[in-house]
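Below is one structure, written out as structure tokens, with a few remarks after it.
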Amino acid sequence: MAGRADALQQALLRRMLASGDGLLQPLRFRADVVAKYRNIEGAQVIRTRTLGRVAIRGRWSLDMGIIDSTSPAETEVQVTFGDLLQRLPEAEWEHWIAHLVAEPVDANFLQIKLSSGACIDDGETVVWT
């Protein structure tokens, strides 16, 4: 089971609830999502220890947080849903979706949320303990 959210995560959720705006929700991606942009003419891929940016000169830029790991293959980047929606061209969405890091989630819950009016027969009710 995952640990409790820290104070910054709680503050972010409070702000999203108060504004009714989920655009600040951070999403996690494998860091190799940026590799594609290293070979594109006019692209800039820069980072510090904890922050990064991918930019295509004169077209778009995307800022990200960096979650380093001891293994480069496990390093992740964080981008808000709002930045993906508002700053990343739609033609790039599938590339980023392919690098999305899975969060712990209940598959039945997602199925219900994705299918309007879906009904899941998950058996008898049980006592909530």
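Quick notes on this one:
- Of the GluC sites (Glu not before Pro) found in the stretch 46-113, no site is in coil according to DSSP while having at most 12 other Cβ atoms within 10 Å of its Cβ.
- The chain: angle of helix 7-19 to the longest principal axis, Cα-based, in degrees nearest 10: 80
- For the chain, taking the reciprocal of the average inverse distance between every pair of different Cα atoms yields a Kirkwood hydrodynamic radius of 17.2 Å.
- Trypsin sites (Lys or Arg not before Pro) lying in DSSP loop within the stretch 1-99, provided at most 13 other Cβ fall within 10 Å: 4, 49, 57, 59
- Taking Cα centre as origin and charging only the Cβ of basic (Lys, Arg, +1) and acidic (Asp, Glu, -1) residues, the dipole magnitude of the stretch 24-114 rounds to 320 debye.
- Per-residue [θ]222 nm for the chain (sum of -39500 (n - 2.57) over DSSP H runs n ≥ 4, rounded to 500): -7000 deg cm²/dmol
- Counting every other Cβ atom within 10 Å of each residue's Cβ, 17, 23 order from fewest to most as 17, 23.
- Contact order relative to length of the stretch 1-116, as percent, for alpha carbon pairs under 8 angstrom and 6 or more apart: 25
- Residue among 51, 31, 91 farthest towards the positive dipole end of the stretch 24-114, charges placed on Cβ: 51
Only the coordinates and a few stated rules stand behind these numbers; no lab work does. Nothing here was measured: the structure is a model prediction, and the numbers come from that model. Glycine gets a Cβ as well: all are built from the backbone with ideal geometry, and neighbour counts include every protein chain shown.
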